[in-house]
Amino acid sequence: MGIVIASIWEQGWFDYKTELDLWYYPLKDFGVDEFAMTPISGIQLNNKVKEFKGVEDIIQHYKLPVILCTEYGNSTLEKFEHPKDALYLFNRTSGGDLNDLQDYSLKIRTKNNKGMLWGHQAASIILYDRFLKNV
């Protein structure tokens, strides 16, 4: 299958079309195979993203190793060995418990380590790391 990026719509910080653009263009540039979001927004998204009712539906649909990307991850990005095929899962800023849904958990260390990256920003950093490691 390849690489899938999945997240939960922010629902409050951005409108859906703005958030879609923040995610879509970097993912396209890094060659992500599919992009999935939840919940179903009800807007016309021009086939840029697949929407699902819930996170569990995304995981069941793709059947890939799940890497939960969070400031509480067990592995740091510097040492992480990316699987060839994977579903990278990002939470929305208001959080929610996704901890029992992953095979791996991953965090990005920053100078201040305050967990202040938006999901689309963290995804770009992680995809760049995959690129540098030639995965």
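Here are the numbers for the structure shown:
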quantity	calculated
Selection status of residue 63, at pLDDT 95 or above and at positive phi	yes
Any hit, region 40-51, residues being buried (at least 18 other Cβ atoms within 10 Å of the Cβ) and under 16 Å from residue 98 (Cβ atoms)	no
Among the residues listed as 57, 29, 15, 21, the single one being out of contact with any strand residue (DSSP E or B) (no Cβ under 9 Å at 6 or more places or on another chain), farther than 23 Å from residue 130 by Cβ, acidic (Asp, Glu) and open to solvent by 60 Å² or more (accessible area, probe 1.4 Å)	15
Qualifying residues in region 62-111 (those that are closer than 20 Å to residue 128 by Cα and of a type in the set (S, T, N, Q)) - the one least open to solvent (accessible area, probe 1.4 Å)	105
Close pairs (6 angstrom Cβ cut-off, 6 or more residues apart or separate chains): touching a residue at least 24 places away in the same chain (Cβ under 8 Å) and among the aromatic types (Phe, Trp, Tyr) in region 7-35, surrounded by fewer than 18 Cβ atoms within 10 Å (Cβ to Cβ) and not in a helix (DSSP H, G or I) anywhere	16/41; 16/43; 24/48
Selection within region 112-128 - farther than 17 Å from residue 23 by Cα and either surrounded by 13 or more Cβ atoms within 10 Å (Cβ to Cβ) or of a type in the set (Gly, Ala, Ser) (or both)	115
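The values are calculated or read from the model by the stated rules, or taken from the named source; none is laboratory data. Here the structure is a predicted model, which means the values were calculated and not measured. Virtual Cβ from ideal backbone geometry, glycine too; neighbours counted across all protein chains shown. Note: areas computed on protein heavy atoms with side chains; ligands, DNA, RNA excluded. Shrake-Rupley method; radii C 1.70, N 1.55, O 1.52, S 1.80 Å.
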